[in-house]
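J.: This structure is in structure tokens; I'll ask about it shortly.
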Amino acid sequence: MHPISIQRKPDVLKQLGISATTLHVRINTHKFPPPINLGGRAVGWLSSEVEAVIAAMAAGDQDYTLEQVVTLLIEKRATTLRGLFDGH
């Protein structure tokens with residue numbers, strides 16, 4: 001397992017080359033993973049998830065496939081958490 005790194009919104013926007021509005025549209029249409037809460041009003045994205053979505057986009061995947069990628073990434077969050085508590 002490699003270290004977890006978190007990207008803040010300005011970094012994600014710069015990496016994707018999109019506006020904040022476009023980012024939120026993609027989150028709301030399940031074409032980008034939602035942020036994780038860092039406490040207070042701070043949020044961020046797992047770098048591995050951002051990279052996975054960019055890789056899917058680069059591969060030319062259509063919107064329905066991006067939705068599937070995002071669904072899998074969110075499911076992986078829950079699986080990783082269960083593994084931490086189960087000692088796996």
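J.: Does at least one position in the stretch 23-36 carry a residue that is of a type in the set (Ser, Thr, Tyr) and modelled with pLDDT under 95?
T.: Applying the first criterion (of a type in the set (Ser, Thr, Tyr)) to the stretch 23-36 yields 29.
Right, trim to modelled with pLDDT under 95 and you get none.
There is no residue in the stretch 23-36 that is of a type in the set (Ser, Thr, Tyr) and modelled with pLDDT under 95.
J.: Name the single residue that is farthest from LEU66 (Cα to Cα) among those in the stretch 17-35 being within 9 Å of the chain's Cα centre (by Cα) and open to solvent by 40 Å² or more (accessible area, probe 1.4 Å).
T.: PRO35
J.: Would a scan of the stretch 43-56 turn up a residue that is closer than 16 Å to ASP11 by Cβ, open to solvent by 40 Å² or more (accessible area, probe 1.4 Å) and within 9 Å of the chain's Cα centre (by Cα)?
T.: Yes, the stretch 43-56 has at least one match.
The values are calculated or read from the model by the stated rules, or taken from the named source; none is laboratory data. Only a predicted model underlies this, so the values are computations on that prediction, with no experimental measurement involved. All Cβ positions, even for glycine, are placed from backbone atoms using ideal geometry, and neighbour counts span all protein chains on display. Side chains included, ligands, DNA and RNA excluded: accessible areas come from the protein's heavy atoms. Shrake-Rupley method; radii C 1.70, N 1.55, O 1.52, S 1.80 Å.
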